[in-house]
Structures are given as structure tokens and as C-alpha cells.
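**Student:** First the structure, which I've put down as C-alpha cells, then a few questions once you've had a look.
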Amino acid sequence: MPDIQIARATAADVPVILELIRGLAEYEKLSHLVAATEDQLRNTLFGPHPAAEVLLARSGANREQSECVGFALFFSNYSTFLAKPGIYLEDLFVKPHARGHGIGLALLKELAGIAVERGCGRVEWSVLDWNEPSIGFYKKLGAVPLDEWTIFRLTGEALETLGRR
């Protein structure tokens with residue numbers, strides 16, 4: 001892959017962001033869970049109160065002639081123990097034909113640079129336990145799995161019930 005550029009996404013990138021989200025969902029065998037629309041992404045990522053940020057990896061000589069081959073979607077969190085902000089990497093995805101060319105590493109390096117600039121104490125993410133290629137890649141970078149933690153999720157009716165006031 002020649003000429004990889006990592007850049008922050010803009011509202012004009014919403015269609016490609018949704019395409020990449022769908023590609024990630026297909027890879028994770030979770031396509032049936034994708035409910036996101038372009039309008040929702042435009043509002044939640046680029047509206048008055050952005051909930052997350054997106055880095056895009058493009059391959060090609062310039063933006064007009066490039067292909068978007070990967071993305072990282074992340075948001076701020078906070079460590080009370082460190083008394084420092086952190087970054088949670090929600091999604092990292094590189095299109096299958098573009099893997100093995102350092103694109104995932106380039107996205108993670110850019111994200112780590114953002115974390116350092118912002119004075120963050122850590123960058124965290126989750127990975128599906130069957131995804132051995134990704135687990136191996138992350139371990140090579142020095143990331144460590146937190147086996148003693150269990151992720152909980154509250155969604156749908158359970159969230160609505162608990163959130164009633």
C-alpha cells in the first residue's frame with residue numbers, strides 16, 4: 001500500500017465511516033446489529049456535542065484519488081485512580097485487502113500521539129476473544145489483556161427500564 005495518510009474525519013466522510021462500520025461488523029459476524037445511519041453518525045460525530053472522534057487511513061497520492069482503507073473511532077474517558085483522562089478505542093478496522101501493510105499500526109500510532117498530546121494516562125479497547133490475529137498484534141505492541149475485568153452492557157429494554165425517572 002503506497003502513500004498511507006492518517007487524518008481526522010470530517011462530516012463529509014460520514015458515508016465512508018458507515019461503510020467501514022459495516023465492514024467491521026461483517027468481519028466480527030455482527031452485521032445484523034448495525035442500526036447506524038448516515039444522519040445518526042453526522043449528528044453524533046459532528047453535531048453540536050460530538051460523542052466520539054474518527055481517524056481515517058487513506059491510501060493514494062492525494063485525497064481526491066485515494067481509497068479509505070481503515071478507521072479508528074475513539075472517545076475520551078477518565079481514570080479516577082490516575083486522575084487523568086484516557087482514550088477508549090471503540091473500533092479499529094482495516095479493510096481485508098489492505099491488511100499487513102502497517103495501516104493498523106499507523107492508526108494506533110496516531111491515536112497514541114493524540115493521547116500523549118492530551119496528557120492521557122492510558123488507551124484502552126476491547127477485542128473479541130476469538131480474534132487471535134488482533135490479539136497477537138496488540139500484544140506485540142506491548143498492550144496487555146485485562147483478564148480480571150468483565151465488560152457489562154446495558155441496552156434496549158433493560159436500559160429503558162433502569163433509566164425511567
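Nothing in this text is a laboratory measurement; each read-out follows from the coordinates by a stated rule. Keep in mind that this is a model prediction, so the values were computed, not measured. All Cβ positions, glycine included, derive from the backbone under ideal geometry; neighbour counts span all protein chains shown.
**Student:** Under a no-solvent Debye model with one identical scatterer per Cα of region 19-165, what's log10 I(q)/I(0) at q = 0.09, 0.15, 0.17, 0.22 Å⁻¹?
**Tutor:** Result of the Debye calculation: -0.33, -0.97, -1.25, -1.74.
**Student:** Starting from the Cα of residue 109, draw a straight line to each of the lysines and keep only those under 16 Å, dropping any in the same chain fewer than 8 residues away.
**Tutor:** 139, 140
**Student:** Based on the mean of other beta carbon atoms within 10 Å per residue, what is the order of 30-38, 117-125, 134-142, 156-164, most packed first?
**Tutor:** Listed from highest to lowest mean packing, they are 117-125, 134-142, 30-38, 156-164.
**Student:** Follow-up question, since we're still on this one. How long is the gain from residue 161 to residue 110 if the chain were fully straight, where each residue apart is worth 0.36 nm and the alpha carbon distance is subtracted? Display every interim value, and only then the final one.
**Tutor:** Working: separation 51, 0.36 × 51 = 18.36 nm, distance 3.94 nm.
14.4 nm is the gain from fully extending residue 161 to residue 110.
**Student:** Given only helices, namely DSSP H runs of n ≥ 4 each adding -39500 (n - 2.57), what is the per-residue ellipticity at 222 nm of the chain, to the nearest 500 deg cm²/dmol?
**Tutor:** -10000 deg cm²/dmol
**Student:** Work out the length of the dipole vector of the chain about its Cα centre, built from +1 on the beta-carbon of each Lys and Arg and -1 on the beta-carbon of each Asp and Glu, and round it to the nearest 20 debye.
**Tutor:** 340
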